[in-house]
1. Residue 213 - would you say it is surrounded by fewer than 22 Cβ atoms within 10 Å (Cβ to Cβ), within 23 Å of residue 79 (Cα to Cα) and without any contact (Cβ under 8 Å) to a residue 60 or more places away in the chain?
2. So how many residues does the range 246-256 have that are surrounded by fewer than 20 Cβ atoms within 10 Å (Cβ to Cβ) and either farther than 17 Å from residue 280 by Cα or out of contact with any helix residue (DSSP H, G or I) (no Cβ under 8 Å at 6 or more places or on another chain) (or both)?
3. From 230, 254, grab the single residue that is modelled with pLDDT of 95 or more and under 30 Å from residue 158 (Cα atoms).
4. Of all residues being free of Cβ contacts under 8 Å to residues at least 60 places away in the same chain and not in a helix (DSSP H, G or I) in the range 16-62, which is surrounded by the most Cβ atoms within 10 Å (Cβ to Cβ)? Just the residue, please.
5. Just checking, does the range 65-80 include any residue being modelled with pLDDT under 85 and part of a helix (DSSP H, G or I)?
6. Within the range 64-78, count every residue that is touching a strand residue (DSSP E or B) at 6+ places or on another chain (Cβ under 9 Å) and on the phi < 0 side of the Ramachandran plot.
7. Just one of the numbered conditions (1) in contact with a helix residue (DSSP H, G or I) (Cβ under 9 Å, 6 or more places away or on another chain); (2) at negative phi; (3) outside the structural domain of residue 290 (by TED's automatic domain parsing) is not true of residue 234; which one?
8. When you scan the range 84-97, do you find a residue that is touching a residue at least 12 places away in the same chain (Cβ under 8 Å), surrounded by fewer than 16 Cβ atoms within 10 Å (Cβ to Cβ), within 24 Å of residue 17 (Cα to Cα) and under 17 Å from the mean Cα position of the chain (by Cα), even just one?
């Protein structure tokens with residue numbers, strides 16, 4: 001994990017932990033199901049940041065006999081667990097509790113609307129300025145001229161993608177919770193509060209499904225990005241002794257670690273050992289994430 005991504009995770013961890021406490025207090029004062037859903041959401045987000053930190057720690061373990069290519073994919077496993085927690089701990093809880101509130105409406109018994117709205121406003125400030133904006137700045141710096149969706153599809157940095165999705169969902173959820181609180185107070189009906197909780201759950205479910213889909217592709221062996229594959233191929237063909245490339249296979253082992261295996265045809269009467277060394281050097285210069293390189297010389 002890049003140091004910048006780790007910093008973003010730590011910022012999100014601190015923000016979500018503090019926000020979760022204040023939301024629980026506000027939920028107790030207001031009696032709001034939507035506020036309780038937001039509190040559980042913040043607890044889930046806090047746990048998810050711990051998952052990402054655990055994934056980072058495990059992915060740094062050195063390669064051994066049982067894991068000859070290292071444990072870089074641990075980052076993707078723990079990122080997948082983030083999706084599971086978001087769905088089960090956040091989405092399902094919010095939808096079930098919201099639906100029960102809708103099915104059994106009663107007069108609004110809670111109080112402290114102003115306090116609850118202040119808590120939501122402070123939480124939104126933390127989410128936007130401490131976590132979301134720094135993450136978006138890094139995201140935009142990396143994506144360059146790519147569209148945002150293409151960058152999300154092609155990015156191998158699961159931590160950055162998760163922080164952006166989680167914080168965006170959090171801001172949307174805060175807006176929904178605030179709307180539900182206001183409508184409940186105005187109408188005196190808890191149906192609006194329950195509906196807000198259900199909508200928050202649906203947002204979390206959608207985010208969880210997107211994250212799970214992207215992490216599944218990386219877990220089962222997704223290739224390096226098109227840019228990296230193109231750079232590697234050009235680097236190989238740029239070596240003077242190379243005649244052509246017959247096959248080039250890549251696999252993303254970690255956010256910044258790529259496995260490269262290729263069959264290369266060299267010109268006749270060249271020192272293949274020396275030529276392979278030149279190819280490896282060229283690949284590493286063109287793609288710094290190419291850490292494990294295997295070159296098989298073939299006959300022309």
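1. yes
2. Count: 5.
3. Only one candidate qualifies: 230.
4. Checking each candidate, the answer is 60.
5. no
6. 7
7. Evaluating residue 234 over (1) in contact with a helix residue (DSSP H, G or I) (Cβ under 9 Å, 6 or more places away or on another chain); (2) at negative phi; (3) outside the structural domain of residue 290 (by TED's automatic domain parsing) leaves (3) as the failure.
8. Yes, the range 84-97 contains at least one residue that is touching a residue at least 12 places away in the same chain (Cβ under 8 Å), surrounded by fewer than 16 Cβ atoms within 10 Å (Cβ to Cβ), within 24 Å of residue 17 (Cα to Cα) and under 17 Å from the mean Cα position of the chain (by Cα).
The values are calculated or read from the model by the stated rules, or taken from the named source; none is laboratory data. Every value quoted in this text rests on a predicted model; they were computed, and no experiment measured them. Cβ sites come from the backbone with ideal geometry, for glycine too, and all protein chains shown count toward neighbours.
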